[in-house]
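To start, the structure itself, in structure tokens.
The values are calculated or read from the model by the stated rules, or taken from the named source; none is laboratory data. Remember, it's a predicted structure, so these values are computed and weren't measured experimentally. FYI the Cβ positions are ideal-geometry reconstructions off the backbone, even for glycines, and counts take in every protein chain you see.
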Amino acid sequence: MHGGCGRQFTINREGKYCHQVKIDLEVCAKCVENRQLNQIRNTRLVACLRHAAALLSPSRFFADFYISNGWCQVQVNKNGVIKPNSTLRYRQSGGLRFGYVGGNTEIKGFHLVKKVFSDLAGLDAQLILVDNAINLGFSSYHAADLEGLPNVQLVPAYTQATMDSFFESIDVLLFPTQWKESFGLTIREALVRNVWVITTDAGGVVEDIEVGNNGYIIPLSDTGEELKKAVVKTIRHFAQFKPGDAIELPTQSITFFEDQASELAGIFKKIRFN
């Protein structure tokens, strides 16, 4: 049994996903800053987790990950998302609008986004980059980061209050994350607002994607070729719609806050009476 990654998020010293499925503490020992401290941390966490009546996971992927590492009392309680003010979406005139919210970092796949959109300079498409630092008075993207990217726009981070407005401003969410994530909140927030999603095969993030119906999934190992194909396929997919046509994507499997709370209450009741 283990108590989780000592560096968090199973990202190694090189900033890459470590690809362990059944965690080997000897492998971890070569990655963490302090081998002994990591052993102490793991021992204490395991002792605490053993006393839990249930271990709740936000996705099937993450539940299976913990089960494969020796935990049997794992239950899925998917994260809820806030409902949109309106689910109505219509095809806009002009080029397709692609949004990326992961920040200027390779672990979220910005290098792939830059590579693909630099190669697709001739296509009628707009790239919208969310820059969280704008709200702090500076930008995390520099001129060199945007070099070769035509028709690109930087926008500040959205809030719960402005989320609907942001997703209304894009047609497609790009989520080429480079590690296996436990859930992927942004993807669900996009889908319930009828925003198409292109994502890597990154753990919990893909569980509400219906390939070809509300998005595309590309390999986690992609170096840009599959993302490029998915972008081109998406542009072709949306070409069938005329301006003003309704865009409706399948989202029945997505959990809202009240759904999660109701399911959680049921889990607590079963634990209480067992």
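Inspect segment 188-205 for any residue being without any contact (Cβ under 8 Å) to a residue 24 or more places away in the chain and farther than 17 Å from LEU96 by Cα and give the result as yes or no. Yes, some residue in segment 188-205 is without any contact (Cβ under 8 Å) to a residue 24 or more places away in the chain and farther than 17 Å from LEU96 by Cα. Taking segment 176-208 as the range and being over 14 Å from SER59 (Cβ atoms), touching a helix residue (DSSP H, G or I) at 6+ places or on another chain (Cβ under 7 Å), hydrophobic (A, V, I, L, M, F, W, C) and not in a loop (DSSP other than H, G, I, E, B) as the test, the residues that pass are ALA190, TRP196, VAL197, ILE198.
Listed by position, the helices (runs of 4 or more DSSP H) inside segment 1-67 whose residues that are β-branched (Val, Ile, Thr) and surrounded by 15 or more Cβ atoms within 10 Å (Cβ to Cβ) number at least 1 are 35-50. Does at least one position in segment 222-243 carry a residue that is out of contact with any Gly (no Cβ under 6 Å at 6 or more places or on another chain) and over 25 Å from GLY122 (Cβ atoms)? Checked segment 222-243: no residue is out of contact with any Gly (no Cβ under 6 Å at 6 or more places or on another chain) and over 25 Å from GLY122 (Cβ atoms). Only one entry of LYS78, LYS83 meets the criterion of being buried (at least 18 other Cβ atoms within 10 Å of the Cβ), modelled with pLDDT of 90 or more, in a loop (DSSP other than H, G, I, E, B) and of a type in the set (Lys, Arg), and that entry is LYS78. Which pairs have Cβ atoms under 6 Å, sit 6 or more apart or on different chains, and link a residue in segment 40-65 that is without any contact (Cβ under 8 Å) to a residue 60 or more places away in the chain to one that is surrounded by 15 or more Cβ atoms within 10 Å (Cβ to Cβ) and not in a loop (DSSP other than H, G, I, E, B)? Matching pairs, first to second residue: LEU55/VAL74; ALA63/SER57; ALA63/VAL74; ALA63/VAL76. Selection of segment 97-118 for residues being among the β-branched types (Val, Ile, Thr) and surrounded by fewer than 21 Cβ atoms within 10 Å (Cβ to Cβ) yields THR105, ILE107.
Yes/no matrix, rows are residues, columns are (1) in contact (Cβ under 8 Å) with a residue 60 or more places away in the chain; (2) under 29 Å from TYR66 (Cα atoms):
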position: ASP131; (1), (2): no, no
position: ILE134; (1), (2): no, no
position: LEU149; (1), (2): no, no
position: THR162; (1), (2): no, no
position: SER165; (1), (2): no, no
position: SER169; (1), (2): yes, no
position: PRO176; (1), (2): yes, yes
position: GLU210; (1), (2): no, yes
position: PRO219; (1), (2): no, yes
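Could you please find all residues in segment 179-197 being crowded, with 24+ Cβ neighbours inside 10 Å and in contact with a Pro (Cβ under 8 Å, 6 or more places away or on another chain)? The one that is crowded, with 24+ Cβ neighbours inside 10 Å and in contact with a Pro (Cβ under 8 Å, 6 or more places away or on another chain): ARG193.
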